[in-house]
1. For the range 297-308, what are the residues that are in a loop (DSSP other than H, G, I, E, B) and either open to solvent by less than 40 Å² (accessible area, probe 1.4 Å) or hydrophobic (A, V, I, L, M, F, W, C) (or both)?
2. Which residue is farthest from Asp434 (Cα to Cα), if the candidates are limited to the range 348-384 and must be hydroxyl-bearing (Ser, Thr, Tyr) and in contact (Cβ under 8 Å) with a residue 12 or more places away in the chain?
3. Please enumerate the residues belonging to the range 248-263 that are outside any helix (DSSP H, G or I) and open to solvent by 10 Å² or more (accessible area, probe 1.4 Å).
4. Looking at the range 104-126, which of the residues that are open to solvent by less than 50 Å² (accessible area, probe 1.4 Å) and in a loop (DSSP other than H, G, I, E, B) is nearest to Cys301 (Cα to Cα)?
5. (1) in contact (Cβ under 8 Å) with a residue 60 or more places away in the chain; (2) farther than 25 Å from His220 by Cα; (3) over 20 Å from the mean Cα position of the chain (by Cα): which one isn't true of Met299, the others all being true?
6. Could you count how many residues in the range 227-247 are of a type in the set (Val, Ile, Thr) and either part of a loop (DSSP other than H, G, I, E, B) or at pLDDT 95 or above (or both)?
7. Is there a residue in the range 85-103 that is more than 23 Å from Arg302 (Cα to Cα) and free of Cβ contacts under 8 Å to residues at least 60 places away in the same chain?
8. Scan the range 305-328 and report the pairs whose first residue is free of Cβ contacts under 8 Å to residues at least 24 places away in the same chain and whose second residue is open to solvent by 10 Å² or more (accessible area, probe 1.4 Å) and not polar (S, T, N, Q), with Cβ atoms within less than 6 Å and a gap of 6+ or a chain change.
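The values are calculated or read from the model by the stated rules, or taken from the named source; none is laboratory data. Predicted, not measured: the structure shown is a model, and the values here were computed from it. So basically every Cβ, Gly included, is an ideal-geometry build from the backbone, and we count neighbours across all protein chains shown. Ligands, DNA and RNA are excluded from the accessible area calculation, which covers all protein heavy atoms including side chains. Shrake-Rupley method; radii C 1.70, N 1.55, O 1.52, S 1.80 Å.
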Amino acid sequence: MSCSIFMLFLALFISSLQQSVSISAGSQRAILRAISNNQDGEKPDFGVELNATNFDTVLKDTPAPYAIVEFFAHWCPACRNYKPHYEKVARLFNGADASHPGIILMTRVDCALTINSNLCDKFSVKHYPMLLWGPPKKFVGSGWDPKQENSEIRSIENGRTADILLGWINKQLGSSYGFDDGKYENEHLQKNFSDPAQIATAIYDVEEATSTAFGIILDHKMIRSGTRASLIKFLQLLVAHHPSKRCRKGSADILVDFDNLCPSEILSVKNEEADSCSKKGALGNYQICGKEVPRGYWMYCRGSKNDTRGFSCGLWVLLHSLSIRVEDGESNMAFRTTCDFIHNFFICEECRQHFYDMCSSVSNPFKKARDYALWLWRAHNKVNERLKKDEASLGTGDPEFPKVIWPSKQLCPSCYLNPGEKSKENSKIEWNEDEVFKFLVSYYGKELVNLYKDKELQAVGGTEKIVNEELVASTNAVVVPLGAALAIAVASCAFGALACFWRSQQKNRKYKYLHSLKNI
């Protein structure tokens with residue numbers, strides 16, 4: 001298939017993507033990090049305002065395990081008087097300065113608005129204010145009947161003051177939250193790493209790491225004439241294989257406009273390169289993973305101290321998740337793209353050099369995705385071994401999360417050829433690499449994305465490919481409502497099509513060809 005046909009598919013797809021973005025923009029809210037300010041100069045609202053158009057989307061996408069929905073009417077005096085009490089509790093859980101983020105999403109729905117009439121009827125709202133509590137996804141696409149038995153959505157009958165509402169919450173969670181709690185300090189750590197399901201929460205950390213990396217690149221003005229091509233290739237890799245749909249879409253938005261926003265000619269002018277591709281420039285207006293990200297905290301990658309884990313952990317999860325999603329023909333390009341990206345944009349000098357040395361030690365191109373995924377796994381363990389020694393001698397490690405050879409026998413006993421033997425300090429582990437690869441595909445594929453699915457993904461057999469239709473969907477260029485059919489059509493050649501598309505864009509930055517196609 002020629003480059004021009006690739007471009008035709010991609011151009012039509014991008015057109016549908018842009019239509020989808022305009023339609024869904026209203027539902028893409030900043031939930032836990034950016035709470036919108038009132039236009040009349042009052043204090044910001046921490047309770048997230050929802051309506052019928054974004055109710056399901058926000059509650060489906062939140063990482064919080066619990067939600068409270070307050071149904072009210074703006075004309076109701078009692079509701080106006082209750083709002084300060086609700087806000088006092090909401091500020092503990094919502095917003096960038098929350099004491100306990102990611103635990104409860106506190107929202108509000110104004111039933112006095114006509115757009116919300118059917119929504120309020122579905123939840124049997126008979127008085128104001130009314131509070132409902134439950135897992136966020138139980139609110140999605142459903143309703144509530146007070147006569148319904150065994151419902152996971154419950155009415156909060158007595159929450160008329162902030163103290164009473166917080167007391168009710170503490171009773172449900174067995175917690176002791178208080179209004180004088182300071183800003184978030186890494187409580188509620190998940191320490192049982194023998195539970196493979198914990199990786200599911202890392203989908204949010206992968207988004208956080210992607211957004212953080214993009215922010216670092218812009219903040220430190222790292223896009224220059226010598227690094228520009230490396231970033232373009234990595235964006236292409238993210239568009240094709242990022243495990244998060246919104247990060248794939250955000251990366252595509254940046255990639256399509258990149259040449260106009262950050263042209264190569266302007267980077268050759270020394271005084272211009274700092275501003276043209278920085279956070280102050282046009283690229284700073286793009287959110288690579290949507291408006292909800294960054295959230296300002298970590299979940300799976302949360303350390304017991306603020307200066308441990310976090311971004312580095314999230315970046316490793318991203319790299320592993322990419323490595324198991326590429327096809328055999330893309331494996332060496334993905335390897336080189338990752339190595340170049342770390343070398344050009346990872347800001348820790350020592351870490352960057354160590355990674356570059358490991359990349360340089362590879363003499364033969366990778367021909368299979370399996371080989372690349374296993375190389376990255378071995379590289380990660382080498383890093384852990386090195387850091388383990390440094391942290392032991394300097395006392396800088398996280399006591400709750402010491403560096404270990406991974407995966408552990410608890411996580412993957414079949415990965416070890418002799419799982420029954422007791423490990424010795426200096427003994428070399430004998431790995432069953434077929435089982436290791438199966439574990440990587442399952443752990444960074446099925447387990448990682450299952451929070452985004454209504455039903456947990458079911459893996460299918462095979463050593464080389466343990467993926468099903470849902471996992472294959474993550475290799476599409478972008479998955480959006482209005483372009484789904486076309487995305488499937490170009491999925492098998494997404495990475496190559498994007499590269500071809502980019503080369504053509506270099507020759508025609510005004511996108512005349514693309515605009516003419518939209519008018520067909």
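1. Tyr297, Trp298, Met299, Tyr300, Cys301, Gly303, Ser304, Thr308
2. Taking the range 348-384 and keeping what is hydroxyl-bearing (Ser, Thr, Tyr), we get 356, 360-361, 363, 372.
Still in the list and also in contact (Cβ under 8 Å) with a residue 12 or more places away in the chain: 356, 372.
On the way: Tyr356: 26, Tyr372: 13 Å.
In this case the residue turns out to be Tyr356.
3. Pro263
4. Only one residue fits best here, namely Phe123.
5. Every listed condition holds for Met299 apart from (3).
6. The qualifying residues number 1.
7. Pass one, the range 85-103, residues more than 23 Å from Arg302 (Cα to Cα): 85-89.
From what is left, the residues that are free of Cβ contacts under 8 Å to residues at least 60 places away in the same chain are 87.
Checked against the condition, which is being more than 23 Å from Arg302 (Cα to Cα) and free of Cβ contacts under 8 Å to residues at least 60 places away in the same chain, the range 85-103 yields at least one hit.
8. Gly310/Trp298
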